[in-house]
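No value in this document is a laboratory result; all are computed from the given coordinates. Since this is a predicted model, take the numbers as computed values, not measurements. Ideal geometry is used to build each Cβ from the backbone, glycine not excepted, and the neighbour counts take in all protein chains shown.
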Amino acid sequence: MSRLSSLTFPIVQISLDLTNIDEALDTAAIAVEAGVDWLEAGTPLLLAEGLHAVEKLRAQFPNHPIVADLKTMDGGYLEAEMMAKAGASYVVVMGRAHEATVRRVVDAAKKYDIGVMGDNLAAEDRIANAVSKNFKTRGAFVIEPKGNVFNTEAVVGEAVIKGRFLGKLIAERLTIHSTAEIKGSFNAAHLIIPAEDHFHWKEQIKVGSAEIAGELVASLHATGTIILKSTARLFGDAEVKNFVVEDGAVVVGYVRAG
């Protein structure tokens, strides 16, 4: 999980949907050398190799987050616990699973400090099968582009929002992508808008610090430092202690620093 705190760019994940661990390790090594961030032990690999797949991936790639794509439908706590002990950073539970199953997966994730991903595969109505739970974890909270999380209060270490979120979000580190749709409120110690992504928020955003590489249409209030990367475009006012603007960045608005 320590590597998550250093990520300031979109996460690239490879799905190792193979049936042989040696081939999976070779493929993962090529992917990591090419710059892939997260490694997914795909469902076929877990069926063929079991826990050993996660254990061997963790041994060979100790600094990379590993996703165990179990597609859990029942046995939530036990399956999540087994994968966590084997070295997984995340487990995947199906959105169509019973609410009790989802809650037990989250319980195990809290105990072993791992993240939980929801999969809406085969959901006839993604809204009806969206997650509507409360989360609290020191780990990561990731909503993929097709993900829907509603009526939720989430207190997390790392939040990556690419899908729809309705509720209250508190994160130590929050990354917002162009595909994100947020309704409700959010608070972040550190806000990130990656390059080539954009985000529009009507109200003032209050953060500890921010790193903007994409486009942000909003007013910012930061108690620490705002960094505008060379690719950044900020349309809005900023009240901040320290304001760093790289060559090439665009600011349209009033800035008060100090």
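Using modelled backbone amide H atoms (1.01 Å from N, in-plane), which distant-in-sequence or interchain residues come within less than 5 Å of Ala210's amide H?
Leu191, Thr225, Ile226, Ile227
Please give the charge dipole size of the chain, origin at the Cα centre, charges +1 on K and R Cβ atoms and -1 on D and E Cβ atoms. Round to the nearest 20 debye.
Once rounded to the nearest 20, the dipole reads 1000 debye.
With θ taken as phi - 60° and the coefficients 6.51, -1.76 and 1.60, list the Karplus ³J(HN,Hα) couplings across segment 213-226 in order, rounded to whole Hz; mark glycine and proline as x.
Couplings: 10, x, 10, 10, 10, 4, 8, 10, 10, 10, 7, x, 10, 9 Hz.
Would you mind getting me the FRET efficiency between Arg256 and Thr231? Use the beta-carbon distance for r and R0 = 30 Å, nearest 0.05.
Calculated value: 0.80.
For His190, His221, His98, what's the fewest-to-most ordering of other Cβ within 10 Å of each Cβ?
By the 10 Å Cβ count, ascending: His98, His221, His190.
What FRET efficiency do you get for Glu23 and Lys85 if R0 is 35 Å and r is their Cβ-Cβ distance, rounded to the nearest 0.05?
0.90
Taking H as built 1.01 Å from N, whose amide H comes closer than 5 Å to the amide H of Lys136, not counting residues under 5 places away?
For Lys136, the qualifying residues are Val155.
Below 27 Å, Cα to Cα, which lysines can Lys110 reach? Residues fewer than 8 away in the same chain don't count.
Those lysines meeting the cut-off are Lys56, Lys71, Lys85, Lys133, Lys136, Lys146, Lys162, Lys168, Lys183.
Could you tally the net charge around Ile21, taking each other residue with its Cβ under 9 Å from the Cβ of Ile21, Lys/Arg +1 and Asp/Glu -1?
That works out to -2.
Based on the alpha-carbon gyration tensor of segment 156-207 and its eigenvalue square roots a ≥ b ≥ c, which shape applies: rounded if a/c is under 1.5, prolate if not and a/b is larger than b/c, or oblate?
Cα axes put segment 156-207 in the rounded bin.
Eigenvalues of the Cα gyration tensor times 5, then square-rooted: what semi-axes does that give for the chain, in whole angstrom, largest first?
Taking √(5λ) for each Cα gyration eigenvalue gives 34, 21, 15 Å.
For the chain, what is the relative contact order in percent, using Cα pairs closer than 8 Å and at least 6 residues apart in sequence?
Across the chain, relative contact order equals 9 percent.
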